[in-house]
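Bear in mind that the values in this text are calculations on the coordinates, not laboratory data. None of the values given here were measured: they were computed from a predicted structure. Here the Cβ positions follow ideal geometry from the backbone for every residue, glycine too, while neighbour counts run over all protein chains shown.
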Amino acid sequence: MGTADKETLSSSPRFSQRRYWSQDQAISYLMQQGIENPDCLSLAAGFVDFETLPVELSHKASADLLANPDEARKYLQYGTTAGSDRLRNQLLEHLARMEETSVEDLGIDRDQLVLTTGSQQLLCILADVLFDPGDICLVAAPTYFVFLGVLAGVGAEVISIEGDENGIKVEALQSELERLKQAGKLPRVKMLYLVSYYENPTGVSIAAERRQPIVDLVEQYSTDHQIVLLEDAAYRELRYDGPELPSLWSCDPSRSQVVLAQTFSKSFAPGFRTGFGVLPKSLVQPVIDRKGNEDFGSSHFNQNLIATILEKDWYSNHVTEVCDNYRRKRDAMLAALEEEIADMQDQVSWFTPHGGLYVWLTVPPEIETGFESELFKYATEVEKVMYVPGQLCYPQADQKNQMRLSFGVLNPDLLREGIARLARSIRHFLK
Ligand SMILES: Cc1ncc(COP(=O)(O)O)c(C=O)c1O
């Protein structure tokens, strides 16, 4: 062995298994693609709209928090692991409004609310406290690819459940649970993860009539232990039209099966990194213990800033404005698709989302969309437009002819231009 080899070996730490499970993350690769192609119009970026970020409101709320020095020092101090009582009190009311009920009828105590650094932290903590390597998580396919990375990072086995434009199919969930039961694997099934409203990446919501049966099935198969249904409702408040949908959480009056994860990132500002979880009692202490190891509390100041926004009733008008803006942008993207794809409509299809930030597009099976595909290269290098390859959103990367398009960042004119470029790219490869 040469000196150089020895140096490389001895200077490299011996990493844990978890380090290898979390390498090659799609999100990092995607960010890298964004950096390498700065002149592209990005239909890929998952960022929120820049124009509607709440500068004035944040200014007013922080001035309010800092106005009285004694009070201000409290907000600038560490908080508790579970998070600010002030915000959690506000959240009980916020949740009651969303659930169209009273705080009393929510059937939970304040202690079942835990504030996290974005909802992403809650997803990671839950994965940490629930999964041993080889444990099973059921997911929709496609689903939020960052969570697929989290699951890989804890060595979980991920099994996808077939869905359609109404979310996962109840029969598909039942037959998978039954198959696992027959195979003696139910004790390994720890979680069903679902993005219930305007899913990232498809924009699809779980239809109202599927919600109760899904919750009931989880209960029916929780014979060995409670299978946790993690309802990721990150886009719940970004509703533009379509039916008002009850949360999965509301379909579990026992409050013992479903974790509801929500965030202020999409409806207010991701820069505050404030999310929250409504937890069954059995999960509160495990989550707090794990979070204690991580950071013993998320930003106390930011939590209080959000509390002020809610307390002063500045929040709901802002969300209305945000939704009006995204509705226009969604409509611009859909109109551009109708127009630009008109000559390819029997080969290219998409779902119409009623909220959220994404449109999911399917091209013929012979056209692959991945980072290494001819289409991706042509789109980014020749037409200068970027999208998220759909295969990132499947646990086994087995569907290769889809893409996620975001209307979050670009303005309506640039969205139209982006879709025109994308349509030319697709047309280039159609037979
Ligand atoms: C489905 C879904 N869940 C969770 C998150 C995490 O968001 P945050 O950590 O900002 O709350 C995102 C972010 O894009 C998301 O799309």
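Listed values, structure above:
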| item | result |
| --- | --- |
| Relative contact order for the chain, counting Cα pairs under 8 Å that sit 6 or more residues apart, in percent | 23 percent |
| Space enclosed by the convex hull of the alpha-carbon atoms of segment 1-139, per residue, Å³ | 281 Å³ |
| Environment charge at LEU92 (Cβ cut-off 13 Å; Lys +1, Arg +1, Asp -1, Glu -1) | -4 |
| Neighbourhood charge, 9 Å Cβ-Cβ cut-off, centred on LYS281 and excluding it, Lys, Arg +1 and Asp, Glu -1 | -1 |
| Among beta bridges that DSSP assigns inside the chain, antiparallel share in %, nearest 5 | 50 percent |
| Extended-chain gain in nm, criterion 0.36 nm per residue less alpha-carbon gap, LEU53 and HIS428 | 131.3 nm |
| Low-density loop positions, GluC sites (Glu not before Pro), segment 81-169 - DSSP coil, at most 10 other Cβ in 10 Å | GLU100 |
| Values of log10 I(q)/I(0), in the order q = 0.06, 0.07, 0.10, 0.14 Å⁻¹, for the chain under a Debye, Cα-only, solvent-free model | -0.26, -0.36, -0.74, -1.37 |
| Proximal lysines relative to LYS384, as straight alpha-carbon distance under 23 Å, when same-chain residues fewer than 8 apart are discounted | LYS329, LYS400, LYS431 |
| Label-to-label distance, nm, for residues given as ARG97 and THR80 (7 Å Cα→Cβ offset) | 2.4 nm |
| DSSP loop chymotrypsin sites (Phe, Trp or Tyr not before Pro) with at most 10 other Cβ within 10 Å: longest gap in the chain | 79-431 |
| Summed residue charge, Cβ within 9 Å of ALA332's Cβ, Lys/Arg positive, Asp/Glu negative | +2 |
| Whole-Å distance, taken between Cα centres, linking segment 304-368 and segment 90-128 | 26 Å |
| Anchor LYS291: aspartates and glutamates whose Cα lies under 20 Å away (excluding residues fewer than 8 positions away in-chain) | ASP85, ASP109, ASP111, ASP128, ASP132, GLU231, ASP232 |
